[in-house]
Amino acid sequence: MNIIERIKGILFNPKEEWQTIAGETTSIAELYRNYIFLLAAIGPIASFIGMSLVGVSLPLRGVYRISIASGITSAAIQYGLTLVSVYILAYIIDALAPTFSGEKNLNQAFKLAMYSSIPGWLVGVFALIPAFGVLGILGLYGLYLLYVGLPVLMKSPKEKTTGYTVTVIVAAMIIFILIGAISRIFVS
């Protein structure tokens, strides 16, 4: 499917789109090639431009920019860790499925992890202008997508979906905290 049409579908008609996605036999490699490699790059590229080229206005200090080298390093590390984090999240979703009476299926878990990440990747564009970074909160729409997609893709009963969603969110938060810590090791 066309990437633009899929994004519009998952953002504006998620219930119907999850049904379509559930029936597709898209491989993990195809998801990386057709979606993840491109979408996961939005935030790191925008962040590089925003922090290294545009800069942040600091009261009484002027504009602060990080060096080009630090910006590129940070973007590359952020991008690489994002690619890995989707895979880890998919494994967690798959591993938790039986706990919430769902069906283990790594491919479906991967589609769920990837498609529910789209809002977070798209709002990465706000990093172009660091002052708009607060609008990144719009990426939380991905939590709703996860909630709606779990019973469809992982076949968990509706009454267990809230617990499943919360558990996946906690796991995702731990992943993001670890990614942040790892990236800070490499970038000052």
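Readers should treat all values here as calculations from the given coordinates under stated rules, not as data from a laboratory. Values in this document were obtained by computation on a predicted structure and should not be read as measured data. Positions of Cβ are generated from backbone atoms using ideal geometry, with glycine treated the same way; all protein chains shown enter the neighbour counts.
Worth a mention:
- Taken over the range 29-44, residues that are surrounded by fewer than 17 Cβ atoms within 10 Å (Cβ to Cβ) and under 17 Å from Leu106 (Cα atoms) amount to 2.
- Single residue of the range 89-113 satisfying the filter (surrounded by fewer than 16 Cβ atoms within 10 Å (Cβ to Cβ) and under 15 Å from Ala171 (Cα atoms)) that is farthest from the chain's Cα centre (by Cα): Thr99
- Check on Ile175, surrounded by fewer than 21 Cβ atoms within 10 Å (Cβ to Cβ), in contact (Cβ under 8 Å) with a residue 40 or more places away in the chain, part of a helix (DSSP H, G or I) and touching a Leu at 6+ places or on another chain (Cβ under 7 Å): yes
- Any hit, the range 135-144, residues being touching a residue at least 12 places away in the same chain (Cβ under 8 Å), under 19 Å from Asp94 (Cβ atoms) and assigned to a helix (DSSP H, G or I): yes
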